[in-house]
Structure formats: C-alpha cells, structure tokens
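Structure first, commentary second.
We did not get these values from a lab; they are worked out from the coordinates using the rules stated. Computed from a predicted model, the values in this text were never measured in an experiment. Reconstructed Cβ throughout: ideal geometry from the backbone, glycine too, with neighbour counts over all protein chains shown.
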Amino acid sequence: MAQILSEPPAGKTLTTYDREHMVLYLRLLDSARDGADWREVVQILFGLDPDLDPVGCRQMHDTHLARARWMTEHGYRELAREGLRAGSR
C-alpha cells in the first residue's frame with residue numbers, strides 16, 4: 001500500500017491519493033458500519049499505537065473516514081465517468 005499521510009488531500013475532485021487508498025477507505029467504512037473502536041482501527045489499518053499519540057491518531061482516523069464518506073457521496077461519480085469512457089473505447 002502507498003504511504004498514508006496524516007490527513008488525506010481535501011478537494012472536490014478525486015486525487016491520486018484517493019485512488020491509491022481506496023481499499024483503506026473501504027475498510028474504514030466497514031469498520032465504522034460495524035461500530036469498531038477507532039483505536040483498534042488505527043492499530044490495524046494504519047499500524048499506529050493510539051496510546052502514543054491519541055490526538056494525532058484520532059485526527060488521522062477521522063479525516064480519512066471523512067474522505068472515505070466523501071468518496072461514497074461524490075468521488076464515486078468520477079470513477080463511474082471514467083469507467084464509461086474506458087468502456088466506450
């Protein structure tokens with residue numbers, strides 16, 4: 001997996017970072033749906049110890065989860081358009 005930043009890039013368009021971290025986003029969405037504790041999620045998905053930096057780890061979790069949710073509401077449209085263009089070739 002590509003390097004994970006402390007915060008994903010923000011913006012109204014899909015980024016290379018988003019594309020490289022789609023599996024991470026899906027796993028974050030699954031963990032949120034399942035009610036997993038953010039500390040456990042950070043340990044498993046980010047490989048970090050939330051006891052060492054609880055504020056930073058929580059911020060990292062929350063910003064990536066927010067971006068994952070953005071993908072489900074907006075970013076997926078870009079992927080769908082790209083799929084349609086690729087299919088028409």
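Does LEU14 count as within 30 Å of GLU82 (Cβ to Cβ), surrounded by 12 or more Cβ atoms within 10 Å (Cβ to Cβ) and out of contact with any Asp or Glu (no Cβ under 9 Å at 6 or more places or on another chain)? Break it down into steps so the answer makes sense when it comes.
On the way: within 30 Å of GLU82 (Cβ to Cβ): yes; surrounded by 12 or more Cβ atoms within 10 Å (Cβ to Cβ): yes; out of contact with any Asp or Glu (no Cβ under 9 Å at 6 or more places or on another chain): no.
For LEU14, the condition - within 30 Å of GLU82 (Cβ to Cβ), surrounded by 12 or more Cβ atoms within 10 Å (Cβ to Cβ) and out of contact with any Asp or Glu (no Cβ under 9 Å at 6 or more places or on another chain) - is not met.
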- Out of GLY75, GLY35, GLY56, GLY47, report the one residue that is surrounded by 15 or more Cβ atoms within 10 Å (Cβ to Cβ) and small (Gly, Ala, Ser). GLY75
- Message: Among the residues of the stretch 25-76, what is the count of those that are within 17 Å of GLU7 (Cα to Cα), within 11 Å of the chain's Cα centre (by Cα) and not hydrophobic (A, V, I, L, M, F, W, C)?
- Response: 8
- Note on the structure: Within the stretch 18-32, residues free of Cβ contacts under 8 Å to residues at least 24 places away in the same chain and either touching an Asp or Glu at 6+ places or on another chain (Cβ under 8 Å) or surrounded by 18 or more Cβ atoms within 10 Å (Cβ to Cβ) (or both) come out as SER31
- Among (1) in a helix (DSSP H, G or I); (2) loosely packed, with under 15 Cβ neighbours inside 10 Å; (3) basic (Lys, Arg), which single condition is ARG67 missing? (2)
- Here are some residues: GLY35, GLY11. Which one is closer than 12 Å to TRP70 by Cβ and of a type in the set (Gly, Ala, Ser)? GLY11
- Residues (loosely packed, with under 15 Cβ neighbours inside 10 Å and either more than 20 Å from GLY75 (Cβ to Cβ) or not charged (D, E, K, R) (or both)) located in the stretch 1-11: MET1, ALA2, GLN3, LEU5, SER6, PRO9, ALA10, GLY11
